[in-house]
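A.B. asks: For reference, the structure I am asking about is given below.
The values are calculated or read from the model by the stated rules, or taken from the named source; none is laboratory data. A quick note: this is a predicted structure, and the numbers were derived from the prediction, not measured. For neighbour counting, all protein chains shown are included, and Cβ atoms are generated from backbone atoms with ideal geometry for every residue, glycine included.
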Amino acid sequence: MANTQKSNNSKLALVVHPDVGVLSTFQGLLTKNDFLAIVARDLATALLAVSQHYFDLIVVSSHLGEGGDGWPLVGVLRMLFPKAFIAVTVPQTDVLTLKSAINNGANEIFPANGLPEETVTSILALVSGKQAGGERPARVQ
């Protein structure tokens, strides 16, 4: 795999969301916080990005083309980047959403209709205080 080398001080973030406006907002906010943000609107572009970079922070919409189709991507990203902080934006928080988050290795979920500024602020606070090793919760049946 042709992963690009990064300097010791650079932090890479991947944002996967179908809305270009949301992508642009997240990219700008993360860039202001010293991340190089790579954006993708769909699964194919996200896969291309993960074949070329190693990510420290990942934000994925649970709804890319259809409801819930972001969850399998989250599961794959957790396997590829076990130490990355993975946040998922979701349209609603219910038991099934929480179960999907745990089973696919998401570190945290955020409301999809929330303000991007608040979401990024919360994510960065969690990233700075996260436990070493990117531990994930046990699976839920």
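A.B. asks: Please enumerate the residues belonging to segment 30-44 that are more than 14 Å from the chain's Cα centre (by Cα), closer than 21 Å to Thr119 by Cβ and assigned to a helix (DSSP H, G or I).
C.D. replies: Start the filter on segment 30-44 by keeping residues that are more than 14 Å from the chain's Cα centre (by Cα), which leaves 31-34, 44.
Checking which are closer than 21 Å to Thr119 by Cβ leaves us with 31-34.
Matches in segment 30-44: Thr31, Lys32.
Residues are listed down the side, and each one gets a yes or a no for (1) at pLDDT 95 or above; (2) touching a Cys at 6+ places or on another chain (Cβ under 8 Å); (3) surrounded by 12 or more Cβ atoms within 10 Å (Cβ to Cβ); (4) closer than 20 Å to Glu108 by Cβ:
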residue: Thr4; (1), (2), (3), (4): no, no, no, no
residue: Asn9; (1), (2), (3), (4): no, no, no, no
residue: Ala13; (1), (2), (3), (4): yes, no, yes, yes
residue: Val39; (1), (2), (3), (4): yes, no, yes, yes
residue: Ala49; (1), (2), (3), (4): yes, no, yes, no
residue: Phe55; (1), (2), (3), (4): yes, no, yes, yes
residue: Gly68; (1), (2), (3), (4): no, no, yes, yes
residue: Ala84; (1), (2), (3), (4): yes, no, yes, yes
residue: Val90; (1), (2), (3), (4): no, no, yes, yes
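A.B. asks: Now for a different question. Just give me the residues in segment 65-95 being part of a loop (DSSP other than H, G, I, E, B) and within 21 Å of Leu12 (Cα to Cα), in sequence order. Outline the logic, then answer.
C.D. replies: Taking segment 65-95 and keeping what is part of a loop (DSSP other than H, G, I, E, B), we get 65-66, 68-69, 81-84, 91-94.
If the condition is that a residue be part of a loop (DSSP other than H, G, I, E, B) and within 21 Å of Leu12 (Cα to Cα), then Phe81, Pro82, Lys83, Ala84 are the ones that fit.
A.B. asks: For segment 45-63, enumerate the residues that are in contact with a strand residue (DSSP E or B) (Cβ under 7 Å, 6 or more places away or on another chain), closer than 23 Å to Gly114 by Cβ and not polar (S, T, N, Q).
C.D. replies: Those that are in contact with a strand residue (DSSP E or B) (Cβ under 7 Å, 6 or more places away or on another chain), closer than 23 Å to Gly114 by Cβ and not polar (S, T, N, Q): Ala46, Phe55, Asp56, Leu57, Ile58, Val59, Val60.
A.B. asks: Has segment 42-52 got any residue that is under 20 Å from Leu126 (Cα atoms) and in contact (Cβ under 8 Å) with a residue 12 or more places away in the chain? Outline the logic, then answer.
C.D. replies: Applying the first criterion (under 20 Å from Leu126 (Cα atoms)) to segment 42-52 yields none.
For segment 42-52, residues under 20 Å from Leu126 (Cα atoms) and in contact (Cβ under 8 Å) with a residue 12 or more places away in the chain: absent.
A.B. asks: Which residue, of Phe26, Phe85, Phe35, Phe55, is in contact (Cβ under 8 Å) with a residue 60 or more places away in the chain, closer than 22 Å to Thr121 by Cβ and among the aromatic types (Phe, Trp, Tyr)?
C.D. replies: Working: Phe85 fails: in contact (Cβ under 8 Å) with a residue 60 or more places away in the chain; Phe35 fails: in contact (Cβ under 8 Å) with a residue 60 or more places away in the chain; Phe55 fails: in contact (Cβ under 8 Å) with a residue 60 or more places away in the chain.
Exactly one residue qualifies, and that residue is Phe26.
A.B. asks: Here's something else I'd like to know. Given the residues Ser122, Ser128, which is the only one that is loosely packed, with under 11 Cβ neighbours inside 10 Å, in a helix (DSSP H, G or I) and modelled with pLDDT of 80 or more?
C.D. replies: Every option except Ser128 fails the conditions.
A.B. asks: Restricting to segment 99-118, name every residue that is in a helix (DSSP H, G or I) and without any contact (Cβ under 8 Å) to a residue 40 or more places away in the chain. Steps first, answer last, please.
C.D. replies: Step one: filter segment 99-118 for residues in a helix (DSSP H, G or I), giving 99-104, 116-118.
Ser100, Ala101, Ile102, Asn103, Asn104, Glu118, listed by residue number.
A.B. asks: OK, next. Taking segment 27-42 as the region of interest, how many residues are farther than 8 Å from Ala13 by Cβ and in contact with a helix residue (DSSP H, G or I) (Cβ under 6 Å, 6 or more places away or on another chain)?
C.D. replies: First, pick out the residues of segment 27-42 that are farther than 8 Å from Ala13 by Cβ: 27-29, 31-34, 39-42.
Filter once more, keeping what is in contact with a helix residue (DSSP H, G or I) (Cβ under 6 Å, 6 or more places away or on another chain): 29, 33, 39-40.
Adding up the residues that qualify gives 4.
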